[in-house]
1. If each residue's Cβ is checked for other Cβ atoms within 10 Å, how do C252, C277 rank with the fewest at the top?
2. Could you work out how far apart the two model spin labels at H205 and E23 are, taking each label as a point 7 Å from the Cα in the direction of the beta carbon, and quote it in nm?
3. Suppose R0 equals 51 Å; then what is the FRET efficiency for E232 and H66 from their Cβ-Cβ distance, rounded to the nearest 0.05?
4. Pairs of alpha-carbon atoms within less than 8 angstrom and 6+ residues apart define the contacts here; what relative contact order does segment 199-277 have, in percent?
5. How much length is gained on full extension from T42 to E170, taking 0.36 nm per residue of separation minus their Cα-Cα distance?
6. Let a ≥ b ≥ c be the square roots of the eigenvalues of the Cα gyration tensor of segment 199-277; is it rounded (a/c under 1.5), or, if not, prolate (a/b larger than b/c) or oblate?
7. For segment 76-192, what is the convex hull volume of the alpha-carbon atoms per residue, in Å³?
8. Along the Cα→Cβ direction, 7 angstrom out, place labels at Q258 and S180. What is the inter-label distance in nm?
Amino acid sequence: MGKSAMKKAEKPTAAVKQAKLKEKRQETLRKEQLQVLSSDKTNQALMVEQVLGWFETHPRGFEHIHRSIMLGSYDALDSRMALDPESDTRLPAYMNKWRLLSIGLGLEILHEVVPAVASFVNKQMQRGAKLSKTDVAEIVAFALHVDLNGALPSKQKTTLIQWSVKRSEESASPLKSWTSSSEPKSETWQDFQKHPLYRYWHFEHGQDDPDKTTFGFVRYLNTDIRLRIPKELRGFEMSGPWLFHTTFINGCIKIPMQHLFKENAEEVAQLPEAPLCMDSVPSKLPETKTTPPNDTETKTKPQEKDAPKTPKKRTQRSDPKTPSSSRSSKSAKTDAVSPPPSSAKSSKSKQ
């Protein structure tokens, strides 16, 4: 046999060896996976026995942990984003405002801030409720008292969640006390949207509406701040009472909430504090205080700085190269008071 024939005979044997190596590697991977699964199952079974034994000797601790589980306090630990090792990355370029949050990130923030609400929303979506990312973002904005159109405090996911938790701790959102058993009970997504704990504005009757057919006031949260509704707006409905900048609607007519602020500016001693709104994502993480110091000054100062200055009067330049320009300017100034040509000639003739 020649050398060429020997090489041809060696090629199939090399291919067979590579195929066998691949099979061996696959078998070893399968064995390792089975070992991991079996060890996980045995460990979980052991942990279940230990936890059950602990519950028997700690009944009050069992009640506390059971309540936390039912409120969904630990659901975020097994979420897809929490198990993804690459989830702690910078947010996409388009996700720079609160209203642009994805459903997954919005739910993760809610799990840290109001876990009972997050668990309820998650269950509603599993049951087939069609919730958009706007619906979830509106809950996040309400819970944190931030403007939907405002920029995020950070594009880093972990930093954003930590900032949200801190801001929630410093605020007094009504959703913190919400549970699935809160009266009136919320069995559907529509029930939750109508819940009194999930709204900025509450309609109230006034003394000048004795027939009770229309409302004369809107109350801000559970405070003493009440805004009088003008007579021309009474009978209107709200597009969303859980929105701070909501809209009054009557057919095709839409009136923004800002109209009520202007109408009540002189009557009400203190208007409601507007949600936190940033124009762009800051380079430095902002503070989480719900009431920034000198809020009115921060709104007026940029306008004062950006206001155009009154232009100074330019002094006439005597340019030897362009004498016509100076002559034209002088003539323009004297034409208004100079006598007509005929009178000038007559004065010269008299002399």
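1. C252, C277
2. 8.6
3. Numbers: r = 54 Å, r/R0 = 1.05.
My answer for the efficiency is 0.45.
4. On the way: 119 pairs, mean separation 18.7, N = 79.
Relative CO of segment 199-277 lands at 24 percent.
5. Details: separation 128, 0.36 × 128 = 46.08 nm, distance 4.32 nm.
Length gained, T42 through E170: 41.8 nm.
6. Working: a/c = 1.56, a/b = 1.16, b/c = 1.34.
Note, shape of segment 199-277 comes out oblate.
7. Details: hull volume 12.1 nm³, N = 117.
Convex hull of Cα atoms, per residue: 104 Å³.
8. Going by the 7 Å Cα→Cβ label model, 4.1 nm.
Since every read-out is calculated from the coordinates, none of them should be taken as a lab result. In this text, all values refer to a predicted model and were calculated from it rather than measured experimentally. With ideal geometry, Cβ positions are generated from the backbone for all residues, glycine too; neighbour counts draw on all protein chains shown.
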